[in-house]
Amino acid sequence: MSSSLRPLHRQPQFVWFWIARVLGSLGFQMSSVAFGWLIYDLTESAYLLGFAGLAQFLPMVLLTFVVGAVADRFDRRRITVIAQAVQAATIIVMTTGVVAGWLGIVAVFVGLVLLGAARSFERPAMQAMLPGLVSAEDLPRAVALSSSAMQAATIVGPALGGLLYAFGTAVPLALSGALFALGAFFAQRLRWHRREGAPREAFTLASSFSGLSFIRRQPVLFGAISLDMVAVLLGGFTALLPIFARDILETGPWGLGLLRTAPAVGALVMAALIDRMRLDRDMGVKMFGAVVIFGLCTVAFALSRGLVLSIAALVILGAADNVSVVIRQTLVQLSTPDEMRGRVSAVNSLFIGASNQLGEFESGMTAGLFGTVPATVIGGVGTIAVALLWMRLFPALRRAEALR
């Protein structure tokens, strides 16, 4: 089968998958902006902005080895539908609380924990389902197209969430709940079936942890995933964007939306360039170089006092980050047998969550201790240091030539 984009667009199963994933990403991005601004409005606390990320990350940590085994044993389509429906219901209840006036900070965090738990089931199920919807030949391009679509959703979601927040907290929340519900509807249309002959392991402690063991035995895969986790954990500062928007750059919710959107713009542009250039040489070197650029842009953003310069730094940051995303996701899919994809995807999701939600917690704590700007500068410098260290710890990754 040809790996051009046209055949993929003509495959209904991939189209339903693509739509469901985009709608879920839009709902998540919009609600993240709304919850971030709501928490800061209620508390004006950098610490609690950090704890918001932790509230969504902890369920992922606690459930990682359960959700992977579930995705490998049960219907991945049904898991996705239920997870998106739970997220829709949770946000709708929280929207009702905003309108009725009873949604306080405690209720917000309870809702965030529920959303984090549902997302813990959704991520590995969707990631592990994709290879069963397209041919092996089409898989790398399907991963790239799915990643590009996610970046497009990440562009639209934060900007739309920031703009709609001006009309009231309930507006972006209600729309994000509706998007999750639509995502569940389209996921229901999928006709994913487990590959014939694929074994179904019983739930045991050993089988639940086998995804982690599989990654650990492959230095290139383990190095790439752990590099992304540690670097973004140190350099991530998404939770602090409300502070940068309101107190440093002196903009409103619309400015926060632009700042949240800027990295996705860069990532989307880079996704198009990756598709044209194929990046089939010196993959390890390019990945390390991208992480260093990510760190430099983090420092530049922290020191900027102008909105245009801040947005430019975030655009380049997003482009650099997308290089590691495409490399990592394709490595995971092509290097893992189908019967283990749920468990490996769950571990990969844990690493991604650590680099995002746990990174938000880390940035909130350091900002509370040292101040917003110094904490962000420290994170950027730490990211560069990690890239240099990993080049020595994982020489096989540094010498990696291609994705296949």
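What the phi angles of segment 255-264 give under the Karplus curve with 6.51, -1.76 and 1.60, with θ = phi - 60°, is a coupling list of x, 4, x, 5, 5, 5, 7, 3, x, 5 Hz, glycine and proline written as x. Note on residue 100 and residue 389: the extension gain reaches 98.9 nm, defined as 0.36 nm multiplied by sequence separation minus the Cα-Cα distance. Put simply, the convex hull of the Cα atoms in segment 362-404 casts, on average, a shadow of 4.1 nm².
Packing, as the average of other Cβ atoms within 10 Å across residues, places the peptides 42-55, 237-250, 21-34 in the order 21-34, 237-250, 42-55, highest first. Rounded, prolate or oblate: which one fits segment 1-107, using the alpha carbon gyration tensor with axes a ≥ b ≥ c (rounded when a/c is under 1.5, else prolate when a/b beats b/c, else oblate)? Since a/c reaches 1.5 and a/b is larger than b/c, the shape of segment 1-107 is classed as prolate. Could you compute the FRET efficiency for residue 45 and residue 66, with r as their C-beta to C-beta distance and R0 at 22 Å, rounded to 0.05? Rounded to the nearest 0.05, the efficiency is 0.10. Quick one: length gained pulling residue 269 to residue 248 fully straight, 0.36 nm per residue minus the C-alpha distance? Full-extension gain reported as 4.8 nm.
Rule-based calculations on the coordinates, nothing more; no lab input. Given the structure is predicted, the values throughout are model-derived calculations rather than measurements. Positions of Cβ are generated from backbone atoms using ideal geometry, with glycine treated the same way; all protein chains shown enter the neighbour counts.
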